[in-house]
Amino acid sequence: IVLSYVLVIPPDIFTRNTPAIRQSMGMAIRGCKACIRIVMGKDDRLLAMIGPCSPHDSNLALRYRRHLKAPSEKLQGGPLVVIRGYAEKSRTAVDWKGLLNDLAINQTFDKTKGLRISRELYCHLTALEVHIADAVLCKWKALRQPGRPELV
């Protein structure tokens, strides 16, 4: 029995309203390729996944990025630093379900607003040359265009 449903705006509309700039797409592609090379053993660098499990505030996530800028610049040629940015916490059974699902942290589950805020945040972070890891990217990439990273 379906008690209710909510329509979610299609990805095409999000990409039109919040387009990823070339720099963001380039960063996403370079990050994906670098991670793959490291995991496959073709790159000797360390892959450092850091940060909170899931951002709940865009401004804090951007401030967090600024704190990482100086140390990561000193580590040129060192580890590949990737921020965890799980906008959707799909495996969480209890507690907060992530920025995408419950932006206001009040169980309103405004997914359209969550998608918009998540995409804007990821576009800002990648424009600032931050690598982001997110399970949503993998799911959407496989559905949209295999072989090309997709920003939420």
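Computed from the coordinates by the stated procedures, all read-outs in this text should not be read as laboratory data. All values derive from a computational prediction rather than experimental measurement. For neighbour counting, all protein chains shown are included, and Cβ atoms are generated from backbone atoms with ideal geometry for every residue, glycine included.
Nearest 20 debye, what's the magnitude of the dipole of segment 11-133 about its Cα centre given +1 on Lys and Arg Cβ and -1 on Asp and Glu Cβ?
So the dipole magnitude of segment 11-133 works out to roughly 240 debye.
Per 0.36 nm of contour for each residue apart, how much would the distance between residue 8 and residue 124 grow if the chain were fully extended, relative to their Cα-Cα spacing?
Roughly 39.5 nm would be gained on extension.
Expressed in nm to one decimal, what extension gain is obtained for the pair residue 106 and residue 47 from 0.36 nm per residue of sequence separation less their Cα-Cα distance?
17.8 nm
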